[in-house]
Amino acid sequence: MNIPAPTLPSRTARAEQIIATAREMTESEGWESLTMRGLAERIGIKAPSLYKHTSNKDELRAMLTIDAVEIIGNVLWATRDNEGQFHLSDLMAAFRRVATEQPELYRLVSTGTTHCLALRSDPWRQLLADMQKWAGTPVTSIADTELIAITLWSSAHGIASMETDGRYPDTTFADTVWATLVATFEPYCSRQRATAATPPRP
């Protein structure tokens, strides 16, 4: 199984530079500290020039959120084994890694639809929904039911938020929480076992 990511709107080279710089500044300084003027200065252009590529900071947040979901999706899809199969332990390890390595961008993902006005209306809302569905397909493909997949994702997002916010006493404790998540849900991911047990065709 290999499903391509939804196609993002075409961007100019300058727009790509703006988004990449905004991503770096968000991760190093936090989204709330980012200003359009500071972003323009970092790039070396005047602030009004930014608005040729993004309407405002809220729309920029929508772009960053969707890009972050794409990054998470690419990391999850890359966990397939040599037979092209997904395994819950690999998926959760990858998800944890990308969330904790880029905590500020992960926070945009986890709060985007709540705090970003652009993501509440089309075309951004539909693009985000399509991107989230694609990014979640590796988990959905092994979960017994859609409800199991949703419950699993809800738990994983909660744990990732707790860890990125530093609310666990230490990394060892967080390791145990993630291991417990996997152990709890693996019995409900029978499709990964059934697929793995199927011998390859000659």
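All of the numbers you see were taken from the coordinates with simple rules; none came from a lab. Keep in mind the model is a prediction, meaning the values are calculated, not measured. With ideal geometry, Cβ positions are generated from the backbone for all residues, glycine too; neighbour counts draw on all protein chains shown.
Overview of values
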| read-out | value |
| --- | --- |
| Size of charge dipole - the chain - debye, nearest 20, with Cβ of Lys, Arg +1 and Asp, Glu -1, no other charges | 580 debye |
| Distance between segment 117-139 and segment 10-81 - C-alpha centres, whole angstrom | 17 Å |
| Using a Förster distance of 35 Å, the FRET efficiency for residue 93-residue 52 (Cβ separation, nearest 0.05) | 0.30 |
| Highest average packing first - 16-29, 102-115, 163-176, Cβ atoms within 10 Å | 102-115, 16-29, 163-176 |
| Convex hull volume per residue for segment 150-195, taking Cα atoms only, in Å³ | 72 Å³ |
| The chain: radius of gyration over Cα atoms, expressed as a fraction of 2.2 N^0.38 Å | 1.13 |
| Straight-distance crosslink candidates among aspartates and glutamates, where the alpha carbon sits under 19 Å from residue 57 and sequence neighbours closer than 8 are dropped | 16, 24, 27, 29, 32, 41, 67, 104, 122 |
| Cα-based equivalent ellipsoid of segment 8-67: semi-axis lengths in Å, sorted from largest, via gyration tensor | 15, 14, 10 |
| Spin-label model distance (nm) - residue 184 vs residue 155, 7 Å beyond Cα toward Cβ | 0.5 nm |
| Value at 222 nm in deg cm²/dmol, rounded to 500, when DSSP H runs of n ≥ 4 in the chain each add -39,500 (n - 2.57) | -21500 deg cm²/dmol |
| Aspartates and glutamates whose Cα lies under 12 Å from that of residue 133, excluding same-chain neighbours fewer than 8 positions away | 70, 146 |
| Cβ-derived FRET efficiency at R0 25 Å, residue 176 paired with residue 145, nearest 0.05 | 0.40 |
